[in-house]
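The values are calculated or read from the model by the stated rules, or taken from the named source; none is laboratory data. These numbers were taken from a predicted model, which means no experiment stands behind them. For neighbour counting, all protein chains shown are included, and Cβ atoms are generated from backbone atoms with ideal geometry for every residue, glycine included.
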């Protein structure tokens, strides 16, 4: 997100492409994965044999009531829902990084979610050529490694200031012979991202889902203990308010008020307070930080991790140490970066 904001502040929008893989975890070739564990990770001997035992000779069947289908041997894929599953898949697709870097395109991978982003400059033809060459090589690599690249579900979005989006001539990209129109918003790891990073669509969706669950919890509240009701609210409401909330730093106060309204209603349901009771003492009694403070707290945690070297490299790399007497501060060129998330 920081890269997108910085590019827009420097006068260029960025093109973000969210690649879609069909049944990615189910098509992993065991032989290729074991070879990658040996050559890339350096595993051998009993440890490598343990992984081989973990992956191979698995069976599956479908049960419905007392009926059960024939048992079939699972010949490919990594176990979904397991702790090792996402890590093994990440190792499996690790060569993708070399392919993408070769074309000077930025990227992030999280399990089977792969996203490419490139800063659009005046030489749009050069940018488009590099992007197209990269996508073609990615598709070829996936075919060789038993992965199916789904161009029909791949999405793309142009991100920048309102003026940059309005004046851009880029309206679509070509992926595997399919012309993909730029869209807004797109869903990236559960967060709805719009072209100008207002997160209005995400907040509206969050409000709709949260109040749906809160309404159901309110119906059950008379039969629930305080402890059980709080568990439900944390599971269905607080978890959604806190998920990826660091990207909401800097959004307008009116947007934060919508999220705060969700938390206030949740606190009233939990404590059985009336609609017009003052909410601040209620939040304090529950030891709940208000929404703005929760966002700032999350950002402070990430900053602490970056400074102390416990954060991923892509987060900590932008940080640099300066002498105490150095009073220089970065200056933004547009209002976009000061209003955006971090």
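Is it the case that segment 44-56 has a residue that's assigned by TED's automatic domain parsing to the domain that holds residue 145, touching a strand residue (DSSP E or B) at 6+ places or on another chain (Cβ under 9 Å), farther than 21 Å from residue 132 by Cβ and at pLDDT below 95? No, segment 44-56 contains no residue that is assigned by TED's automatic domain parsing to the domain that holds residue 145, touching a strand residue (DSSP E or B) at 6+ places or on another chain (Cβ under 9 Å), farther than 21 Å from residue 132 by Cβ and at pLDDT below 95. Considering every residue within segment 76-84, establish whether at least one is surrounded by fewer than 16 Cβ atoms within 10 Å (Cβ to Cβ), in a helix (DSSP H, G or I) and at pLDDT 90 or above. Yes, some residue in segment 76-84 is surrounded by fewer than 16 Cβ atoms within 10 Å (Cβ to Cβ), in a helix (DSSP H, G or I) and at pLDDT 90 or above.
Taking segment 287-342 and the helices (runs of 4 or more DSSP H) fully enclosed by it, the elements with 1 or more residues that are surrounded by 15 or more Cβ atoms within 10 Å (Cβ to Cβ), outside the structural domain of residue 161 (by TED's automatic domain parsing) and at pLDDT 95 or above are at 291-307.
Kindly indicate whether any position in segment 274-284 is assigned to a loop (DSSP other than H, G, I, E, B), under 16 Å from residue 237 (Cβ atoms) and modelled with pLDDT of 90 or more. Yes, segment 274-284 contains a residue that is assigned to a loop (DSSP other than H, G, I, E, B), under 16 Å from residue 237 (Cβ atoms) and modelled with pLDDT of 90 or more. The set of residues in segment 116-129 that are in a helix (DSSP H, G or I) and touching a strand residue (DSSP E or B) at 6+ places or on another chain (Cβ under 8 Å) comprises 127, 128.
The number of residues in segment 175-216 being part of a strand (DSSP E or B) and within 27 Å of residue 229 (Cβ to Cβ) comes to 0. Considering 216, 188, the condition of being at negative phi and not assigned by TED's automatic domain parsing to the domain that holds residue 269 is satisfied by 188 alone. Within segment 223-238, residues that are without any contact (Cβ under 8 Å) to a residue 24 or more places away in the chain sit with their Cβ atoms under 6 Å from residues that are surrounded by 12 or more Cβ atoms within 10 Å (Cβ to Cβ), at 6+ positions apart or across chains, in these pairs: 232/217.
Does residue 176 qualify as being surrounded by fewer than 16 Cβ atoms within 10 Å (Cβ to Cβ), in contact (Cβ under 8 Å) with a residue 40 or more places away in the chain and more than 25 Å from the chain's Cα centre (by Cα)? Taking the combined requirement at face value, the residue does not satisfy it.
Can you pull out the residues in segment 105-115 that are outside any strand (DSSP E or B) and at pLDDT 90 or above? Of everything in segment 105-115, just one residue is outside any strand (DSSP E or B) and at pLDDT 90 or above, namely 105. Among the criteria (1) under 24 Å from the mean Cα position of the chain (by Cα); (2) over 27 Å from residue 141 (Cα atoms), the one residue 77 does not fulfil is (2).
Here are some residues: 96, 147, 158. Which one is within 22 Å of residue 4 (Cβ to Cβ), in contact (Cβ under 8 Å) with a residue 60 or more places away in the chain and outside the structural domain of residue 37 (by TED's automatic domain parsing)?
That would be 158, the only listed residue that is within 22 Å of residue 4 (Cβ to Cβ), in contact (Cβ under 8 Å) with a residue 60 or more places away in the chain and outside the structural domain of residue 37 (by TED's automatic domain parsing).
Evaluate segment 19-41: report whether one residue or more is within 30 Å of residue 165 (Cβ to Cβ) and touching a strand residue (DSSP E or B) at 6+ places or on another chain (Cβ under 6 Å). The answer is yes; a qualifying residue exists.
Restricting to segment 24-46, name every residue that is closer than 21 Å to residue 116 by Cβ and surrounded by fewer than 15 Cβ atoms within 10 Å (Cβ to Cβ). Hits for segment 24-46: nothing passes. Of the residues making up segment 130-149, those that are in a helix (DSSP H, G or I) and in contact with a strand residue (DSSP E or B) (Cβ under 8 Å, 6 or more places away or on another chain) number 9.
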